[in-house]
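Nothing in this text is a laboratory measurement; each read-out follows from the coordinates by a stated rule. Quick caveat, the model's predicted, so the values are computed rather than measured. Cβ placement follows ideal geometry from the backbone for every residue including glycine, while neighbour counts extend to all protein chains displayed.
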C-alpha cells in the first residue's frame, strides 16, 4: 500500500504512480545517474575538480585508453573511490525491497553497483560495471575492488593490459543487457524510469518502445518532461520511491 504524501509538489502524479504500480503484474525499472546523484555521486558529465579540464567523451573511449591508459585508469579509480565512500540511498533501498517481493526487472545505466549493494536481485547492467576489469586482448572479465594501481593491471589469462569493465562511447551494449530489455518489454505492464534524462542511445529508446507497446510509463525525475500519457513525478527519487513502493 502506498504511503500517502503529506505536502509538496507532484502529489497528484505521485498518487497516480502509486496506484498504477501497486496493481502492476511485472514492473520494468530503468535507472540512470540521477538516482545515484542523491547518494553524492556526481553524474557522468559532471566530473568535478581536477577532471573539469577533460571532456569525459574523450576519456571514455577505446582510443583514449590506447593513447593514455594511466590517465583513463586514474579517472576510473577516482570514480571507484567516490562510489566506495557513498552508500545506497532510500530510492535504491525502496526498489530493492519491491523487487525482492514482486515480479519485475531492474536495468541500470549506472556502473556504480549501488543497486546491488542495496540488495536488488538480478540487476542487468546496460553500461557494464565499475567493479570489473576486462582484458583488452581476449575480453576475459574479473571482479576488482582495487582503488589504486602503482602498476597498471594486466590480465592473468594472457598478460594483455586490463581496462575498466564499462561500456565506452562507440562500443556495443552487452548482449545480456539487451536480452534483459527484450524480456522486460515482453512481460511488463508498467515501466518505472528513474533519474535518467533519456538522451544517451540506445538506452534512450527503451521508453519509446514501451509506449509503442502500450506499457504505462512512470517517470521520476525533477528535470524531464515526459510524453503525453506518461505519469510524471517531479520529485527527488529518494523522496518519491519510498512512498510509491511502500
Global geometry of region 125-208, whether rounded, prolate or oblate, following the gyration tensor of its Cα atoms and the 1.5 cut on a/c: prolate
Helix axis angle, 11-22 relative to the chain longest principal axis, alpha carbon, degrees: 80 degrees
Beta bridges per DSSP with both ends in region 48-187, % antiparallel, nearest 5: 80 percent
Pull up the DSSP beta bridges for the chain and report the antiparallel fraction as a percent, rounded to 5. 30 percent
The chain: calculated mean residue ellipticity at 222 nm from DSSP helix runs of at least 4, using -39500 (n - 2.57): -10000 deg cm²/dmol
Just need the relative contact order of the chain here, percent rounded to a whole number, with Cα pairs under 8 Å and 6+ apart. 29 percent
Would you please put 153-162, 232-241, 13-22 in order of how densely packed they are, using the mean number of other Cβ atoms within 10 angstrom per residue and starting with the highest? 232-241, 13-22, 153-162
Please say if region 81-189 is rounded, prolate or oblate, where rounded means a/c under 1.5 for a ≥ b ≥ c the square roots of the C-alpha gyration tensor eigenvalues, and otherwise the choice is prolate for a/b larger than b/c and oblate otherwise? oblate
For the Cα atoms of the chain, what angle does the longest principal axis make with the long axis of helix 69-84, in degrees from 0 to 90, nearest 10? 40 degrees
Calculating semi-axes √(5λ) of the Cα gyration tensor in Å from this structure picks out, from (i) 27, 23, 16; (ii) 33, 19, 16; (iii) 48, 17, 16, entry (ii)
By how many degrees, 0 to 90 and rounded to 10, does the Cα axis of helix 175-187 deviate from the longest principal axis of the chain? 10 degrees
Would you work out if region 85-135 is rounded, prolate or oblate? Take a ≥ b ≥ c from the square roots of the eigenvalues of the alpha-carbon gyration tensor; rounded if a/c is under 1.5, else prolate when a/b is larger than b/c, oblate otherwise. oblate
At a 10 Å Cβ-Cβ cut-off, how would you order 54, 76, fewest neighbours first? 54, 76
When the chain is modelled as a GNM with alpha-carbon springs shorter than 10 Å, which of 121, 164, 228 fluctuates the most? 228
Please build a GNM for the chain, connecting alpha carbons under 10 Å apart, and tell me which residue among 31, 196, 151 fluctuates the most. 151
Normalised contact order of region 76-128, rounded percent, pairs of Cα under 8 Å and 6 or more residues apart: 38 percent
